[in-house]
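Below: the structure, in structure tokens.
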Amino acid sequence: MTALDGSTPIGGATQVADAAWRDAARPIDERVAALMAEMTLDEKLAQLYGVWVGAADDGGGDVAPHQHDLNDDVDLDALLPSGLGQVTRPFGTAPVDAAVGALSLARMQRRIVGANRLGIPSIAHDECLAGFAAWGATAYPVPLSWGASFDPALVERMARRIGADMRSVGVHQGLAPVLDVVRDARWGRVEETIGEDPYLVATVGTAYVRGLETSGLVATLKHFVGYSASKAGRNLAPVSIGPRELGDVLLPPFEMAVREGGARSVMNSYSDLDGVPSAADRRLLTELLRETWGFDGTVVADYFAVAFLKLLHGVADTWADAAAAALEAGLDVELPTVKAFGDPLRAAVEAGAVDVGLIDTALRRVLRQKAQLGLLDADWTPVPSALAGLGLADADL
């Protein structure tokens, strides 16, 4: 099990309060450019992956395919001086009291900030499909019930409450909603979906997105795209559909949630679409999502999806090839933990096999989101509102 909640920082961060990138009054793009100019290759790469806190190392209780095979031990003392892009599921991996979890996450953030010389905090993400996936949090009806309600306004209010709960304890990003349109009732994740009508899924799902985003939480649309249309309803199976079915049935919920809901993140599908894995599909992640729909947020990997380009899909010979294919397609962040975006990618860049421009493109999007969340501001604090309301301050960590 990886533990990040040490109460004392390791190393010392050189945090210059008056640096251009810490000035919240400056345009975000200007701040991001100033910060990127200060970063080494290792520091850039560190912003493009997460670390899974509390993930079981005994093969039990897996929540993602091949979790036991791919969740390598991480040497935090070696990793954190370069920074850390995301913290994976600090509340939802194992039962933890909300107050204890909030304090642990705040201490974790202080350790991360203290360890890297630029003092950049991490984005903490967690699951929230039917409520914040944490011990003792309110459990709301599953998405099938949202669809059955035909009440987008009610769903939006519910999502706003979920988002407020998560923000109050220091979480920044929620891995929801699931916008997969049901095509085969045999598929094992039907209970996570809103239904089988694309307009219903789009309308209700977009309302959920607006609720999360209004609360300040980053909503993550998943799984882009085709996951629910896999052959024979099997998880991770290939998807073979024509352009009309793709455009009329599977894509509308995502398009509406981007254009009208203001979603700031998208998660790829595990499946391949007509032979091309979504995690390596530039047509989807860049040409359609960004260039056609105007999406300007981050694309995050479904858990181990980058590694699956080598391990399952067989379209990459090495971990570095998998990383390069994902970045070229438009995927920005490797989750849940570092595999391909760490040492293999660094070696490939240093050898000239991968253009550092691919890393800069993804990094720019990640840092823009951190700036939007206030994580780059000079007055940022790791103490969330729930702890601040109890009278805790930075000095109490």
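Across the stretch 210-227, which residue is nearest to the chain's Cα centre (by Cα) among those that are open to solvent by 10 Å² or more (accessible area, probe 1.4 Å) and farther than 21 Å from LEU251 by Cβ?
GLY216
Have a look at THR292, THR286 and point out the one that is surrounded by fewer than 23 Cβ atoms within 10 Å (Cβ to Cβ), closer than 26 Å to VAL349 by Cα and hydroxyl-bearing (Ser, Thr, Tyr). If you could, list the steps in order and put the result at the bottom.
Values: THR292 fails: closer than 26 Å to VAL349 by Cα.
Among THR292, THR286, only THR286 is surrounded by fewer than 23 Cβ atoms within 10 Å (Cβ to Cβ), closer than 26 Å to VAL349 by Cα and hydroxyl-bearing (Ser, Thr, Tyr).
Just the residues that are over 19 Å from the mean Cα position of the chain (by Cα) and either of a type outside the set (A, V, I, L, M, F, W, C) or open to solvent by less than 10 Å² (accessible area, probe 1.4 Å) (or both), please, taken from the stretch 254-283. Full working, then the answer.
Our first condition is that a residue be over 19 Å from the mean Cα position of the chain (by Cα); within the stretch 254-283, this holds for 256, 259-260, 272-276, 283.
Correct list: ARG259, GLU260, ASP272, ASP274, GLY275, ARG283.
Residue check, ALA139 against (1) touching a residue at least 12 places away in the same chain (Cβ under 8 Å); (2) within 23 Å of the chain's Cα centre (by Cα), all met but one. Which one?
(1)
Let's see how each residue does on (1) open to solvent by 70 Å² or more (accessible area, probe 1.4 Å); (2) outside any loop (DSSP other than H, G, I, E, B); (3) modelled with pLDDT under 95:
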| site | (1), (2), (3) |
| --- | --- |
| TRP135 | yes, no, yes |
| TYR140 | no, no, no |
| SER145 | no, yes, no |
| VAL155 | no, yes, no |
| ALA159 | no, yes, no |
| ILE162 | no, yes, no |
| ASP165 | no, yes, no |
| GLY170 | no, no, no |
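Within the stretch 30-39, which residues are open to solvent by 20 Å² or more (accessible area, probe 1.4 Å), in contact (Cβ under 8 Å) with a residue 12 or more places away in the chain and not hydrophobic (A, V, I, L, M, F, W, C)?
GLU38
Would you point out the residue of the stretch 185-209, among those that are part of a helix (DSSP H, G or I) and among the acidic types (Asp, Glu), that is farthest from the chain's Cα centre (by Cα)?
Across the stretch 185-209, the extreme among qualifying residues is GLU191.
Restricting the search to the stretch 319-334, which residues are buried (at least 24 other Cβ atoms within 10 Å of the Cβ) and closer than 12 Å to PHE308 by Cα?
Within the stretch 319-334, ALA322, ALA323, ALA326, GLU334 qualify.
Which one of VAL315, VAL349, VAL354, VAL306 is within 17 Å of the chain's Cα centre (by Cα), among the β-branched types (Val, Ile, Thr) and modelled with pLDDT of 95 or more?
Among VAL315, VAL349, VAL354, VAL306, only VAL306 is within 17 Å of the chain's Cα centre (by Cα), among the β-branched types (Val, Ile, Thr) and modelled with pLDDT of 95 or more.
Scan VAL51, VAL96, VAL100, VAL74 and give me the residue that is modelled with pLDDT of 55 or more, assigned to a helix (DSSP H, G or I) and among the β-branched types (Val, Ile, Thr).
Working: VAL51 fails: assigned to a helix (DSSP H, G or I); VAL96 fails: assigned to a helix (DSSP H, G or I); VAL74 fails: assigned to a helix (DSSP H, G or I).
After applying the criteria, what remains is VAL100.
How about the stretch 295-318: which of its residues are closer than 15 Å to LEU221 by Cβ and either surrounded by fewer than 20 Cβ atoms within 10 Å (Cβ to Cβ) or touching a Cys at 6+ places or on another chain (Cβ under 7 Å) (or both)? Write out each step before concluding.
Narrowing the stretch 295-318 to residues closer than 15 Å to LEU221 by Cβ: 295-302, 305.
Answer for the stretch 295-318, where residues must be closer than 15 Å to LEU221 by Cβ and either surrounded by fewer than 20 Cβ atoms within 10 Å (Cβ to Cβ) or touching a Cys at 6+ places or on another chain (Cβ under 7 Å) (or both): just ASP296.
The values are calculated or read from the model by the stated rules, or taken from the named source; none is laboratory data. Just so we're clear, the structure is a prediction, and the values are computed from it rather than from any experiment. So basically every Cβ, Gly included, is an ideal-geometry build from the backbone, and we count neighbours across all protein chains shown. Accessible surface areas use protein heavy atoms only, side chains included; no ligands, DNA or RNA. Shrake-Rupley method; radii C 1.70, N 1.55, O 1.52, S 1.80 Å.
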